[in-house]
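Student: Sharing a structure with you now.
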Amino acid sequence: MATKLLLTFAICRLIVTVGLTVDPSELLRLGVDGQLSVDPFDVETASLDFGLIRRSEPMAVLHPGSADDIARLVQAAYLSSQGFTVSARGHGHSINGQAQTSNGVVIEMSGGSRGSRLGLGNLAKPQVAVKEMHVDVWGGELWIDVLRSTLEHGLAPKSWTDYLYLSVGGTLSNGGISGQAFNHGPQISNVYELDVVTGKGELMTCSEEKNSKLFHAVLGGLGQFGIITRARIALEPAPQRVRWIRVLYSNFSTFTGDQEYLISMHGKPSTLKFDYVEGFVIVDEGLINNWRSSFFSPRNPVKISSVGANGGVLYCLEITKNYDESTGDTIDQEVEALMKNLNFIPSTVFTTDLPYTDFLDRVHRAELKLRAKGLWEVPHPWLNLFVPRSRIADLDRGVFKGILGNNKTSGPILIYPMNKNKWDQRSSVVTPDEDVFYLVALLRSALDNGEETQSLEYLTDQNRKILRFCDDAGIKVKQYLPHYTTREEWMDHFGDKWDRFYQRKMEFDPRRILATGQRIFNPSSASTSTVSPW
């Protein structure tokens with residue numbers, strides 16, 4: 001009875017606020033397994049994200065008990081005369097309010113207990129098919145929990161993000177990248193099947209063979225075409241241990257040359273290649289021993305001046321080799337043979353050895369340290385760029401050695417290349433039109449410590465300068481986790497994929513009620529469904 005009363009109150013608030021014309025008793029008869037909440041705590045949580053840059057308060061929050069709950073809610077929004085918007089929120093790790101809405105309902109995909117989310121369905125926990133080498137998971141499942149479930153069978157997903165406390169549906173709606181992407185592709189290239197609730201409230205299963213247009217639209221689709229409620233993820237045998245190595249460079253072209261050489265080995269046998277290739281830029285003395293670089297021993301600190309950094313900048317190559325206890329006697333020889341072909345500064349080899357799970361979950365350990373210092377829940381004006389290989393040296397000169405200079409920074413600056421042929425061009429993601437492109441990720445935190453160069457205003461302005469530099473220099477970058485505010489910017493972002501993206505939107509979410517926090521399309525009412533989406 002209490003649940004029905006709360007649901008009735010929430011629906012009535014929606015009716016008053018956004019003109020919902022569906023009778024409350026009709027929605028109650030939908031048989032929602034979860035809870036539609038207007039609790040101030042739930043609303044406030046859904047109003048914020050990891051970026052802490054934008055705040056947008058929803059009318060209500062749905063804690064779904066099943067995929068059918070989501071379908072019923074979206075269908076109600078689709079059929080209502082004026083409409084209300086629906087945004088799916090995973091772990092809330094978006095940066096610019098992409099999972100927020102101010103005129104509708106946020107679906108908390110990762111909140112609550114698994115039992116209340118999934119009811120008594122067959123996805124009460126990730127379902128591992130050992131023989132078929134895949135796992136079926138709820139769209140709001142966190143990758144760390146996927147890993148724990150698959151490891152019980154000696155298996156693991158092939159491709160990761162650096163941080164595992166993200167939802168499956170969230171990363172698949174963007175791409176999902178880390179140092180394995182050069183070899184296995186992004187996470188969206190390792191999906192066999194999806195269950196998706198479209199903007200019409202239809203719950204559809206899709207794959208390469210079934211409803212393939214929806215399948216490719218949703219992968220990397222920024223939540224514009226549907227809400228992922230189940231994903232079937234490819235698995236491989238999980239290694240037991242990781243040899244983790246970092247080496248330094250003072251010359252940018254040598255650094256990128258080695259990175260590109262390493263990712264060119266993706267088709268070689270496992271003994272002849274590394275399993276993970278990333279890197280980061282060190283623009284000041286402090287960064288090298290900060291949280292992302294804590295790998296370096298404080299008893300043996302690295303000084304930029306001691307290794308002859310060009311322009312005050314160093315570059316760190318980060319590589320790993322996976323192995324099992326049974327092959328531990330050969331790992332040293334394999335690593336040594338692979339390292340012989342690299343041109344790093346010989347005195348800067350830093351190596352550690354750890355369990356596979358500890359390596360994958362490395363950023364969470366850093367998170368716990370930052371939380372203890374009150375440095376996690378701060379604004380994060382991140383900027384993530386895909387940069388064509390042919391212009392990466394220009395970015396080094398103009399940004400790393402120019403705009404960033406020697407300013408003290410508060411967060412890592414990642415840089416690593418990927419192979420375009422590992423990305424399925426039928427997905428909604430856009431990448432530079434070159435065989436190799438780089439991720440350049442400025443993952444900085446804005447701190448209220450009195451230092452101007454670490455303030456939110458300063459870092460946000462610096463991001464604008466970087467984008468303006470790229471535009472003025474003709475560097476055709478593409479934003480990863482894109483954020484734009486105008487039609488022209490979004491059309492330019494998608495380029496020759498725009499027409500396809502638009503047509504898919506009109507087919508799967510014709511009233512434009514999903515993921516309005518991305519600010520790509522404006523929602524429409526039933527009476528104005530043919531008006532301009534802008």
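The values are calculated or read from the model by the stated rules, or taken from the named source; none is laboratory data. Bear in mind the structure is a predicted one, so any value in this text is a computation, not a measurement. Glycine also receives a Cβ, built like all others from the backbone with ideal geometry; neighbour counts cover every protein chain displayed. Accessible surface areas use protein heavy atoms only, side chains included; no ligands, DNA or RNA. Shrake-Rupley method; radii C 1.70, N 1.55, O 1.52, S 1.80 Å.
Student: For K200, list the lysines whose Cα falls under 22 Å from its own Cα; do not include residues on the same chain fewer than 8 positions away.
Tutor: K210, K213, K505
Student: What does the C-alpha gyration tensor say about the overall shape of the range 334-451? Classify as rounded when a/c is under 1.5, otherwise prolate if a/b is larger than b/c, or oblate.
Tutor: rounded
Student: Suppose R0 equals 35 Å; then what is the FRET efficiency for S347 and D461 from their Cβ-Cβ distance, rounded to the nearest 0.05?
Tutor: 0.40
Student: Once the piece of chain linking D492 and K408 is laid out straight, how much longer is it, given 0.36 nm per residue of separation minus the C-alpha distance between them?
Tutor: Separation in residues times 0.36 nm, less the Cα-Cα distance, equals 26.9 nm.
Student: Would you mind checking which residues have amide H under 5 Å from A156's amide H? H placed 1.01 Å from N; only 5 or more apart, or other chain.
Tutor: Distant-sequence amide H within range of A156: E236, A238.
Student: Round to the nearest 0.05 the FRET efficiency obtained for S270 and K125 when R0 = 35 Å and r is the Cβ-Cβ distance.
Tutor: In this case the efficiency is close to 0.70.
Student: Taking 0.36 nm per intervening residue step and subtracting the Cα-Cα distance, what contour gain separates E451 from D329 on full extension?
Tutor: 38.9 nm
Student: List every residue whose amide H lies under 5 Å from the amide H of H91, counting only residues 5 or more places away in sequence or on a different chain, with H placed 1.01 Å from N in the peptide plane.
Tutor: Correct list: S167.
Student: Going highest first, how would you order 181-189, 470-478, 230-238, 484-492 by mean Cβ packing within 10 Å?
Tutor: Working: 181-189: 24.8, 470-478: 16.2, 230-238: 20.1, 484-492: 13.8.
The densest-packed peptide leads the list: 181-189, 230-238, 470-478, 484-492.
Student: Just to confirm my numbers, what's the Cα centroid distance between the range 236-260 and the range 408-470 in Å?
Tutor: 20
Student: Through the Karplus equation 6.51 cos²θ - 1.76 cosθ + 1.60, θ set to phi - 60°, convert the phi angles of the range 247-253 into ³J(HN,Hα) values in whole Hz; use x for Gly and Pro.
Tutor: Each residue of the range 247-253 in turn: 9, 10, 9, 9, 10, 5, 5 Hz.
Student: Apply the Karplus curve 6.51 cos²θ - 1.76 cosθ + 1.60, θ = phi - 60°, to the phi angles in the range 420-430 and return the couplings in whole Hz, x for Gly and Pro.
Tutor: Karplus values, whole Hz, x for Gly and Pro: 4, 5, 8, 10, 6, 6, 7, 6, 7, 5, 10.
Student: Taking H as built 1.01 Å from N, whose amide H comes closer than 5 Å to the amide H of S37, not counting residues under 5 places away?
Tutor: Correct list: V61, L62, H63.
Student: Listed highest first by mean packing, meaning other Cβ atoms within 10 Å per residue, what order do 94-107, 414-427 come in?
Tutor: 94-107, 414-427
Student: If I stretch the segment between S390 and K210 completely, what's the gain in nm (0.36 nm per residue apart, minus their alpha carbon distance), one decimal?
Tutor: 61.0 nm
Student: To continue, here is another question. At 1.4 Å probe size, put R397, R500 in order of accessible surface, largest to smallest.
Tutor: Correct descending sequence by accessible area is R397, R500.
Student: In addition: Mind scanning K273/K321; K408/K465; K158/K321; K125/K369 and naming the pairs with a C-alpha gap bigger than 20 Å?
Tutor: K125/K369
Student: Rank these by accessible area, largest first, 1.4 Å probe: T161, T327.
Tutor: On the way: T161 15, T327 60 Å².
I get T327, T161, largest accessible area first.
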